[in-house]
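Every number in this text was worked out from the coordinates using simple rules, so none of it is lab data. What you see is a predicted model; the values in this text were computed from it and never measured. Don't worry about glycine lacking a Cβ; one is built from the backbone with ideal geometry, like all the others, and counts go over all protein chains shown.
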Amino acid sequence: EEKTRSSYEQKLAHAQHSVSKKLLETALAKKSNLIASADVTTTQELLALAEKVGPHVIALKTHIDIISDFDYEKTILPLKALAEKHQFLLMEDRKFADIGNTQELQFTSGVFKITDWADFVTSQVIGGFESLDCFKNVGVVAIVGMSSKGALTTASYREEALKVALSHPNVIGGVSQNQIPEELLLFTPGVNLADSGDGKGQQYNTPDHVFKMLHSDFIIVGRGIYKSDDPETAAITYKNEGWNAYVNSLQK
Ligand code: 5FU
């Protein structure tokens, strides 16, 4: 028998990074382990979604480079205000994958200035340990394994990726479809209650599966929420399903 998973309280007691603490505290306060992925392409849709799902999520995940009318003042300032109002964090899913110097420029410069507003970011670890040094003011979620069919994140790749993730002080967790060591928070995308795939390689699991089998900490839901006719109700459904699945996964 595998051992029971740690609770959020236990993880909070051992958390080192301020962003890990904030995520775990928010999860406990909201009784939510849900991160909504806002894969919409206009500022108006992004802000409307953030307003609706904000109270129910611990973080909103963005792909800020898909916003066609991006404007720092009109996009980021109101988004930050909504994050403050509804108490959620901002996760930019940039999946950095370059040498340290280039990642530093991508993180701090250009129009998006991710360093100025994101609480945490995703990064590949393919560039090695030092490529993550530039993310010192945020938390890093290392891409350990991807959810898409045929992803090249094999068991041996994941093992090496985990060595980098576990040893780097900026890293708070990993994205994976497999269980990872308890010291890291596990963020799992590819969660949907209605579909098993999207016809473009994405593979979906249920909240029950990921909490029980992978000991996930947080679920990331995109189309299950933002494509729904009623995103707020969908967010509440995923929040409750996720929380119940987490509670059930504590009892072995
Ligand atoms: F790292 C990963 C991964 O392995 N799979 C993913 O699906 C990230 N994602 C992101 O989660 C992806 O870029 C989308 O933003 C989101 C999943 O969206 P969906 O609509 O729930 O499939």
Using unit Cβ charges (K, R positive; D, E negative) and no other charged atoms, how large, in debye to the nearest 20, is the dipole of segment 1-129 about its Cα centre?
500
Using Cβ counts within 10 Å as a stand-in for footprinting exposure, how do VAL111, VAL164 rank, fewest first?
VAL111, VAL164
Using label points projected 7 Å from each Cα along Cα→Cβ, tell me how many nm separate GLU73 and GLU183, to one decimal.
4.6
For the chain, size of Cβ-based charge dipole, Lys and Arg +1, Asp and Glu -1, in debye:
460
GLU51 paired with LEU28, simple spin-label distance in nm, labels 7 Å along Cα-to-beta-carbon
3.3
Report the gain in length on full extension from HIS209 to ASP98: 0.36 nm times residue separation, minus Cα-Cα distance, nm rounded to one decimal.
36.7 nm
Förster radius 45 Å - calculated FRET efficiency between THR108 and ALA194, Cβ distance, rounded to 0.05:
0.70
Rounded to the nearest 0.05, FRET efficiency between SER18 and VAL247 (Cβ-Cβ, R0 25 Å) equals 0.45
Step through the residues of segment 133-144 one at a time and calculate ³J(HN,Hα) from phi using the Karplus curve (6.51 cos²θ - 1.76 cosθ + 1.60, θ = phi - 60°), rounding each to whole Hz and writing x for Gly and Pro.
4, 5, 8, 6, 8, 10, x, 10, 9, 7, 7, 9
The chain: relative contact order in percent, alpha carbon pairs under 8 Å with at least 6 residues between:
20
Can you flag which of LYS30/LYS85; LYS61/LYS113; LYS85/LYS113; LYS30/LYS239 are past 20 Å Cα-Cα?
LYS85/LYS113
What residues have an amide H closer than 5 Å to that of SER37, excluding those fewer than 5 places away on the same chain, when H is modeled at 1.01 Å from N in the peptide plane?
LYS61, VAL221, GLY222
Value in Å of the Kirkwood radius, where segment 1-76 supplies the Cα pairs that are averaged:
14.3
The size of the Cβ-based charge dipole (Lys, Arg +1; Asp, Glu -1) of segment 123-252 about the Cα centre, to the nearest 20 debye, is 180
Working only with C-alpha atoms, what are the Rg and Dmax values of the chain, expressed in angstrom?
16.9, 53
Between exposed GluC sites (Glu not before Pro) in the chain, where DSSP calls loop and at most 12 other Cβ atoms lie within 10 Å, what's the longest gap?
3-252
Sort MET213, MET91 by Cβ crowding within 10 Å, fewest neighbours at the top.
MET213, MET91
With a 10 Å cut-off between alpha carbons and a GNM built on the chain, which of SER148, SER176, SER123 moves the most?
SER148
